[in-house]
Amino acid sequence: MQEAIILVGGKGTRLRPLTNHTPKPLLGVAGSSFIRHQIAKLMDAGVGHVVFATSYLASLFEEEFKDFSQDLKISYAVEEVPLGTGGAIRNAARLLHGTSPDAPVLILNGDILSGVDLPTLLERHEERAADVTLHLTRVPDPRAFGLVPTDGSGRVLSFLEKPKTPEECVTDQINAGCYVFRRSVLDAIPADREVSVEQETFPQLVAAGRRVYGHTTEEYWRDLGTPLAFVHGSADLVTGRATSSLVGPPSEALIHPTAVVDPTSRVTGGSTIGPHAVIGPHVVVDRSIIGAGVVVAEDARIHESVVDHDSSIGRASLLREVVVGCHAHIGADNELPAQLRLSCGIRIPAQGVRVSGTAAACPTVH
């Protein structure tokens, strides 16, 4: 039986306030929690047992899957103290069912949306008799990532820190957050301290001459760690640029059957409208995520933004690259600047925030 570990212990600080009450992998993406898209991908690849390596708000993962009835066994390995990526993998390994030292174990980061073909990745691992196989992807600008150069056979030569100069960009290949470990290699990771696979385990294996290979692909790949990337990943699933068996045919929008959208409104760009949301007349929602129970008043415009559940957006307000926490209220005629994040429960009065000026009369007696 093929087994896998998903690393889902991070706090998702870059996605706050959305992650103040929900772990990043449980946030809604294209109509389902992101972790369910990953589970569907693993099941399509023939995986029969998954271990979640959890830490932050760990109990919510069991709550999410308490009624999961499909043919997949799920286990939960809770990280009581910080163990790093390597330590989390080693902690989860104790719950794997297989015991063969040569058995391949899939490892996935819990915040990567990827089109990598997992059966092919496993095949390449077996063909090369590899100790570890890493999925690598190419990016146009690798300066924000650690680099992973390989030789002509795909063998990993080194793991390099983020380059600071053009001369240090010796490759455009980066670690894509998906691995296959030989079980014996996984079990050799120290279990009693914090370990980073990227900075410690992988470089040590290469230095020791172990068989560490890269599997480089041109398939879709996105790290969903920032608000804009999170919104774009969801939209890509809806429009079909990225794929998941949980999403239907490509479309401009994914609208929950219980949502109410006025016929004069436009919902485009792969936007998602959640359960019981209400979209008023002449509203524009483009490449955005509108959560459950959200009310958007007439003439509002929402672009590349997330509005968390049970919030309201006032008449003629404009949101662009904004994150609105749950139970928030944005009054009429607000104009919110890019990269603004509004805390859960916040209330902004009409015309309370504007990038451009307003001709409204001053309410103060002078």
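The values are calculated or read from the model by the stated rules, or taken from the named source; none is laboratory data. Computed from a prediction, not measured in an experiment: that's the story for all the values here. Backbone-built Cβ (ideal geometry, glycine too); neighbour counts: all protein chains shown.
Brief remarks on what is shown
- Hits in segment 281-293 (condition: farther than 14 Å from Leu319 by Cα and within 25 Å of the chain's Cα centre (by Cα)): Gly291, Ala292, Gly293
- Residue list for segment 335-345, restricted to those being among the hydrophobic types (A, V, I, L, M, F, W, C) and within 15 Å of Ser305 (Cβ to Cβ): Leu336, Ala338, Leu340, Leu342
- Candidate set from segment 78-132 (those that are among the basic types (Lys, Arg) and touching a strand residue (DSSP E or B) at 6+ places or on another chain (Cβ under 8 Å)); member that is modelled with the lowest pLDDT: Arg94
- Here the helices (runs of 4 or more DSSP H) wholly within segment 164-241 that include at least 2 residues being at pLDDT 95 or above and of a type in the set (Ser, Thr, Tyr) are 227-239.
- Any hit, segment 123-143, residues being free of Cβ contacts under 8 Å to residues at least 12 places away in the same chain and either on the phi > 0 side of the Ramachandran plot or in contact with a Lys or Arg (Cβ under 6 Å, 6 or more places away or on another chain) (or both): no
- Residue pairs whose Cβ atoms lie under 7 Å apart, separated by 6 or more positions or on different chains, with the first residue in segment 273-288 and among the hydroxyl-bearing types (Ser, Thr, Tyr) and the second crowded, with 17+ Cβ neighbours inside 10 Å, are Ser288/Val231; Ser288/Ser271; Ser288/Ile302; Ser288/His303; Ser288/Glu304; Ser288/Ser305; Ser288/Val306.
- For segment 104-114, the count of residues that are within 24 Å of Ala242 (Cα to Cα), of a type outside the set (Ser, Thr, Tyr), in a strand (DSSP E or B) and touching a Lys or Arg at 6+ places or on another chain (Cβ under 8 Å) is at least one.
- Residue list for segment 139-161, restricted to those being among the charged types (D, E, K, R), more than 17 Å from Thr217 (Cβ to Cβ) and out of contact with any Pro (no Cβ under 8 Å at 6 or more places or on another chain): Asp141, Asp151, Glu161
- Positions within segment 316-338 being in contact (Cβ under 8 Å) with a residue 24 or more places away in the chain and not aliphatic (A, V, I, L, M), in sequence order: Glu321, Gly325, Cys326, Asp333
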